[in-house]
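Notes follow the structure.
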Amino acid sequence: MNRSLLITTDPIDEAKLIAGRSLSAGMGAVVAFSGVVREREGDGAIAALDYTCFVPMAEHQFHRLFDRLAGRGTVESVRLVHRIGRVAVGEASLWVEVVSAHRAEAFEACQWLIDEMKRVVPIWKQAVPVTPTDPPAPAGSVPATAPSDPHPPA
Amino acid sequence: MNRSLLITTDPIDEAKLIAGRSLSAGMGAVVAFSGVVREREGDGAIAALDYTCFVPMAEHQFHRLFDRLAGRGTVESVRLVHRIGRVAVGEASLWVEVVSAHRAEAFEACQWLIDEMKRVVPIWKQAVPVTPTDPPAPAGSVPATAPSDPHPPA
Amino acid sequence: MTIRVTFWSYFAELAGCSETGVELPEGATVGALLQRVYVDHPALAGLRRSTLVAVGVEYQDDTHVLSPGDRVSLFPPVQGG
Amino acid sequence: MTIRVTFWSYFAELAGCSETGVELPEGATVGALLQRVYVDHPALAGLRRSTLVAVGVEYQDDTHVLSPGDRVSLFPPVQGG
């Protein structure tokens, strides 16, 4: 199974990713998912999400999930990009593509991968309020607007 | 709900479609499916599929399906392109994109739309063998290699 | 009334034509039309259970009453995608 | 042995630091480490049920036996996507 993983602070360039797709002549289904930051997170309007990642573990856990996908024998290719750092509303934080011979297994594998990612891959997000009453919280302080929200480590 | 439908003999230009995507700030999930012609159809190697369509009815039935999606109230946008005529192995015959606030409903709606399309939209396909022993069958003849295969109307 | 019938996909091969006209009394149903079609095109009769019928751009069943000017389409299961 | 512990996400706020060292006897388990961490950083103790623990890049549970040089990470439920 071909696999590609990128954890990056750069914007996700979907056009470039699609231009880089390759599939063999036996493949009939490509399912792609883009996860985009929404303007509301919980109760409040936000400007962005700040994503933090424990990168070596995230890469290891992603590859464990890819191993499990490969074990199915039905997925020819999986490509995944997770953006970290600040991602503005309307921008993609996640892009996943699965290529299979058949449609059902491509949809299932793509959803499974995202579900498992949300269970085991060490990435956290923190809301950036749209109109902060205070300047951005320095590392080490609990954000005043959302004390129970996740916060990147100092 | 925004909707876009194109039934065309032109190749599907996914890069252009993606460049033309627009989503409002409340949307968090984009699911896109590409259906690609595979090198084997049933038991035989094929070079292409010839798609035939009863276009006015296909458009009407697609819009009925879009109406049902709109009725859910969870899909902001659906775009669908079905290529007809001859589509070579490795080329896309179908592209579907669904935009929703949340991931689960986008995946579900995209799969539902394809399932329903395969039930009600009058499009048929005929295999084009990769090494025909005879010249291409003229309209009006039953293909010798696959007598029970679908065939476009004369 | 004359009902115009179009055969799609390999139904055109089996019928030997892609289109025909069928003369029916006013008030005739889709079922009555099919009976006439199967007399003229017996190769289609064996596929009746899987045949889809549209009047204009809507699916209809055997009980649907036809009107003058209706255009009927007969075709096998669809295969989009 | 000294086990290095890293706190991720808002656990760093609650702990008051992003990293600490914990002195433990050889053969100590993850559970023993957590008991020590919760003494030093009581704000984390209430979140024990939802706390995830990794040794290196693998998840481990309380019974896992630690080795000298192990690096342990404590963090809340993950939120990728």
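Nothing in this text is a laboratory measurement; each read-out follows from the coordinates by a stated rule. Remember, it's a predicted structure, so these values are computed and weren't measured experimentally. A quick note on method: Cβ atoms are made from the backbone with ideal geometry, for glycine too, and the neighbour counts reach across all protein chains shown.
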Exercise. Dipole size in debye (nearest 20) for chain B around its Cα centre, Lys and Arg Cβ +1, Asp and Glu Cβ -1?
Worked result: 360
Exercise. Using alpha carbons only, how many degrees (0 to 90, rounded to 10) separate the axis of helix C:30-40 from the longest principal axis of chain C?
Worked result: 60
For this session: Could you tell me what percent of the DSSP beta bridges with both partners in chain C are antiparallel, to the nearest 5?
Result: 75
Exercise. Mind listing which GluC sites (Glu not before Pro) in chain C are in a DSSP loop and have 10 or fewer other Cβ atoms within 10 Å?
Worked result: C:Glu26
Problem set entry | Mean separation of Cα contacts under 8 Å, 6 or more apart, over the residue count of chain B: relative contact order % | 34
For this session: Any lysines with Cα under 22 Å of the A:Lys16 Cα? List them, leaving off those in the same chain fewer than 8 positions away.
Result: B:Lys16
Exercise. At B:Ala47, with labels set 7 Å past Cα in the Cβ direction, how many nm apart are the copies from this one, shortest first?
Worked result: 6.0
Exercise. How far apart, in nm, are the 7 Å Cα→Cβ label points at C:Met1 and B:Ala25?
Worked result: 5.6
Problem set entry | Distances in nm from A:Arg3 to the matching label points in the other copies, shortest first (labels 7 Å along Cα to Cβ) | 4.1
For this session: Any chance you could give the angle, 0 to 90 degrees and rounded to 10, that helix B:55-72 forms with the longest Cα principal axis of chain B?
Result: 30
Problem set entry | Spherically averaged projected area of the protein assembly as shown from its Cα convex hull (nm²) | 27.2
For this session: Would you mind listing the distances between the D:Glu23 label point and the same position in each other copy? Use 7 Å along Cα-to-C-beta, nm, one decimal, shortest first.
Result: 11.0
Problem set entry | Radius 14 Å from Cβ of D:Pro68, net charge of other residues (Lys, Arg +1; Asp, Glu -1) | -1
Exercise. For all pairs of alpha-carbon atoms in chain B, what percent lies in each bin of width 10 Å, listed from the first bin to the last filled one?
Worked result: 10, 37, 31, 16, 6, 1
Exercise. Taking neighbour counts of Cβ atoms within 10 Å as a proxy for exposure, in what order, fewest first, do A:Asp50, B:Asp43 appear?
Worked result: B:Asp43, A:Asp50
Exercise. In degrees from 0 to 90, rounded to the nearest 10, what is the angle of the helix B:103-120 Cα long axis to the longest principal axis of chain B?
Worked result: 40
For this session: Note down the relative contact order for segment D:40-79 as a percent, whole number, built from C-alpha pairs under 8 angstrom at least six residues apart.
Result: 46
For this session: Taking the rotation that carries C onto D, look along its axis and tell me which residue of C has the beta carbon nearest to it, distance in whole angstrom.
Result: C:Gly81, 14
For this session: Report, ordered by chain and residue number, the aspartates and glutamates lying within cross-link reach of A:Lys125, taken as a straight Cα distance under 15 Å and ignoring same-chain residues fewer than 8 apart.
Result: A:Glu39, A:Glu41, A:Asp50, A:Glu91, A:Asp149, D:Glu13
Exercise. Could you give the radius of gyration (one decimal) and Dmax (whole number) of the Cα atoms in segment D:2-75, in Å?
Worked result: 10.9, 30
For this session: Shielding by partners for D:12-25, please: the mean number of other protein chain Cβ atoms within 10 Å of each residue's Cβ.
Result: 3
Seminar exercise, completed: Listed by chain and number, the aspartates and glutamates with an alpha carbon less than 15 angstrom from that of A:Lys118, same-chain partners under 8 positions apart left out, are A:Glu59
